[in-house]
Amino acid sequence: MTSKLSALLPDLSPWRSSRDFRLLWVQGVVTYFGSFMAMIALPLQIKDLTGSPLAVGVMGAVELVPLVVFGLYGGALADSADRRKLILGTEAGLGVLAVVLLVNAMLPDPMLWPLYLVAAGVSALAGLQRPALDSLMARIVPHDQLTAAAALNALRYQLGAIAGPALAGLVVAYASHATAYGVTVAGFAVSVVLCLRLAPAPAAHDAQKPSLRGIAEGARYAWSRPVLLGTYAIDLAAMFFAFPNTIFPFLADDLDAEWSLGLMYAAGSVGSLALSMTSGWTSRVRRHGLFVVFGAAAWGLAIAAAGWFSNVWLVLLCLAFAGAGDMLSGLGRSTIWNQTIPEELRGRLAGIEVLSYSVGPQLGQVRAGAMAGWTGTRAAIWSGGVACVASVGLLAAVLPKLITYDASTDEDAMRRRAQQEALTKA
């Protein structure tokens with residue numbers, strides 16, 4: 001019984017084998033916690049200053065363009081610069097923006113425009129940083145431990161996603177916006193110290209300078225690899241059709257359970273956390289394309305059920321199952337990306353990944369809102385879930401190499417393993 005239980009627990013091999021992974025994991029916990037404090041306090045402050053739902057919604061539009069532009073550029077930059085320096089510089093920049101929020105909140109009459117400026121700046125810096133973080137993982141973690149690393153990184157995110165917003169709401173309600181921003185500033189200060197201890201991660205001596213041509217080269221590589229293309233397409237389809245978070249307030253009203261709104265937002269993270277805590281078995285799987293397909297299909301089915309049921313507790317349970325499905329699909333995507341993308345293209349492909357997991361949810365919220373206005377809230381949710389399942393099935397049929405992907409036989413995976421072993425020996 002004990003051995004069966006231990007087989008389900010998260011695989012800690014990356015934690016034991018890589019000092020830099022340990023540093024980044026702890027740094028991530030601190031950063032996510034502080035960032036989620038600001039992510040909740042910022043829209044609440046805009047709401048308090050304006051009383052306008054539109055003013056709060058505009059923040060999403062302000063964030064999208066910098067994320068797309070700087071995400072692509074950040075991918076090219078990660079292939080041509082020392083990734084450690086890039087991570088450190090952007091983390092320090094995020095800390096400076098948190099100080100701006102803190103100073104503005106402490107003014108007798110806080111101003112509105114700095115909040116939008118900081119939101120755009122945070123989005124731009126996150127777009128620059130994320131490709132460097134993602135591309136560094138395949139360098140510091142052994143090839144056969146990448147799935148375990150993805151699960152541990154997801155666990156890190158979920159701890160921040162659950163604790164950060166919950167505590168932020170209490171801090172803002174019983175203390176102030178400034179207190180929440182103060183916690184964010186302290187978190188980034190600790191994070192910068194941890195990043196300073198990372199080993200240098202210089203680019204190859206023949207690395208290209210960032211350019212549109214280099215970005216296009218990365219896009220051509222992704223387009224030429226059906227397995228990679230499948231991971232991007234399925235994620236985009238799943239998020240476009242079945243990401244109804246923006247209409248959760250209306251769902252809570254329809255169910256006559258306004259008290260459940262916070263639980264609806266947290267349920268997905270709880271489901272993801274449950275899968276992460278029992279993810280030990282995923283390290284022994286080699287067919288990660290199946291993770292992507294089955295996880296996305298499970299996400300769609302669970303969202304469809306959440307829109308169909310009228311009992312709020314069943315709805316919350318479905319949302320938790322959706323989070324677990326999304327987590328499974330995410331593990332597959334992350335593992336395939338890290339196992340197959342060559343070192344010299346990792347940054348640029350990571351920039352494309354930023355688009356695949358950021359644009360989908362943004363467009364999905366627009367779809368859900370527009371559909372809800374036409375068909376009603378619950379119909380918009382369950383029909384989106386059904387469309388998600390159908391699109392995942394269609395994409396799996398059109399891109400069969402994703403289904404048959406096997407880490408032990410795929411040519412790109414074997415080539416990437418050899419490349420990592422050569423880098424380790426060097």
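Treating the beta-carbon of each Lys and Arg as +1 and of each Asp and Glu as -1, no other charges, what is the dipole magnitude of the range 74-223 about its Cα centre, to the nearest 20 debye? Let's see the in-between values first.
Details: 10 positive and 8 negative charges, 40 e Å.
The calculated dipole for the range 74-223 is roughly 200 debye.
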For this session: Taking the Cα centre of the chain as origin, sum charge times position over the Cβ atoms of Lys and Arg (+1) and Asp and Glu (-1), and report the length of that vector in debye to the nearest 20.
Result: 1040
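Run lengths n ≥ 4 of DSSP H only: what is the helix-derived mean residue ellipticity at 222 nm for the chain, with -39500 (n - 2.57) per run over all residues, to the nearest 500? Mind showing how you got there, number by number?
On the way: 18 runs with 346 residues, N = 426.
When only DSSP H runs of four or more count, the value is -28000 deg cm²/dmol.
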Exercise. Where in the range 74-102 does the label zone of ALA219 land, with the point 7 angstrom along Cα→C-beta and an amide N cut-off under 16 Å?
Worked result: 74-77
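Taking the inverse of the average 1/r across all pairs of different Cα atoms in the range 284-397, what Kirkwood radius in Å do you get?
On the way: mean 1/r = 0.0656 Å⁻¹.
Result for the range 284-397, one decimal place: 15.2 Å.
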For this session: Would you please state the base-10 log of I(q)/I(0) at q = 0.12, 0.18, 0.20, 0.22 1/Å for the range 56-135, with intensities from the Debye formula using one equal scatterer on every alpha carbon?
Result: -0.37, -0.73, -0.85, -0.95
Problem set entry | Dipole of the chain, positive direction: furthest Cα of MET264, LEU107, GLY376, with charges on the beta-carbon | MET264
Problem set entry | Size of the chain as Cα extents on the principal axes (Å, biggest first) | 58, 50, 47
Problem set entry | Accessible area of the chain divided out per residue, in Å², using a probe of 1.4 angstrom | 44
Problem set entry | Positive-end residue, the chain charge dipole about Cα centroid, Cβ charges, pick of PRO226, PHE294, GLN365 | PRO226
For this session: With springs connecting C-alpha atoms under 10 Å apart, model the chain as a Gaussian network and identify which of ALA237, ALA168, ALA61 has the largest mean-square fluctuation.
Result: ALA61
Exercise. For the range 342-426, treating each Cα as an identical point scatterer without solvent, what Debye log10 I(q)/I(0) comes out at q = 0.11, 0.17 1/Å?
Worked result: -0.54, -0.91
Seminar exercise, completed: The simple spin-label model distance between LEU112 and SER211, using points 7 Å out along Cα→Cβ, in nm, is 4.5
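Keeping the other protein chains in place, figure out the carbon and sulfur percent of the accessible area of the range 185-263, with a 1.4 Å probe.
On the way: 2730 of 4130 Å².
That share works out to 66 percent.
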Problem set entry | Gaussian network model of the chain, Cα within-10 Å springs - most flexible of TYR357, TYR32, TYR157 | TYR357
Seminar exercise, completed: Using a 1.4 Å probe on heavy atoms of the protein chains only, the accessible area for PHE36 in Å², nearest 10, reads 20
Exercise. Which of the aspartates and glutamates could a cross-linker span from LYS47 if the Cα-Cα distance has to be under 16 Å and same-chain partners fewer than 8 positions apart are dropped?
Worked result: ASP109
Problem set entry | Contact order relative to length of the chain, as percent, for alpha carbon pairs under 8 angstrom and 6 or more apart | 26
Exercise. So how strong a dipole does the range 312-417 carry about its Cα centre when Lys and Arg Cβ are +1 and Asp and Glu Cβ are -1, to the nearest 20 debye?
Worked result: 220
Exercise. Once fully extended, how much extra length lies between THR50 and SER310, figured as 0.36 nm per residue of separation less the alpha-carbon to alpha-carbon distance?
Worked result: 90.2 nm
Problem set entry | Space enclosed by the convex hull of the alpha-carbon atoms of the range 199-254, per residue, Å³ | 183
Exercise. Once you put a point 7 Å from the Cα of TYR357 and another 7 Å from the Cα of VAL65, both along the Cβ direction, what distance in nm separates them?
Worked result: 2.6
Exercise. Once whole DSSP H runs in the chain are found, which of them have Cα atoms spread over 24 Å or more along the helix axis and a mean Kyte-Doolittle score of at least -0.5?
Worked result: 19-50, 53-78, 83-106, 113-140, 146-174, 177-196, 261-277, 288-308, 312-340, 346-375, 377-398
For this session: Once you have a ≥ b ≥ c as the square roots of the Cα gyration tensor eigenvalues for the range 126-172, tell me rounded if a/c is under 1.5, and otherwise prolate or oblate according to whether a/b is larger than b/c.
Result: oblate
Seminar exercise, completed: the chain, Gaussian network, Cα under 10 Å: of SER272, SER123, SER176, the residue fluctuating most is SER176
Seminar exercise, completed: In whole Å, largest first, the alpha carbons of the range 174-288 cover along the principal axes 60, 39, 36
Exercise. Of ALA173, LEU77, ALA119, whose Cα points farthest to the positive end of the dipole of the chain (charges on the beta-carbon: +1 Lys, Arg; -1 Asp, Glu; origin at the Cα centre)?
Worked result: LEU77
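The values are calculated or read from the model by the stated rules, or taken from the named source; none is laboratory data. Keep in mind that what you see is a predicted model, and the values were worked out from it rather than measured. Cβ atoms come from the backbone with ideal geometry, glycine included; neighbour counts cover every protein chain shown. Ligands, DNA and RNA are stripped out before the accessible areas are found, and what is left, the full protein with its side chains, is counted by its heavy atoms. Shrake-Rupley method; radii C 1.70, N 1.55, O 1.52, S 1.80 Å.
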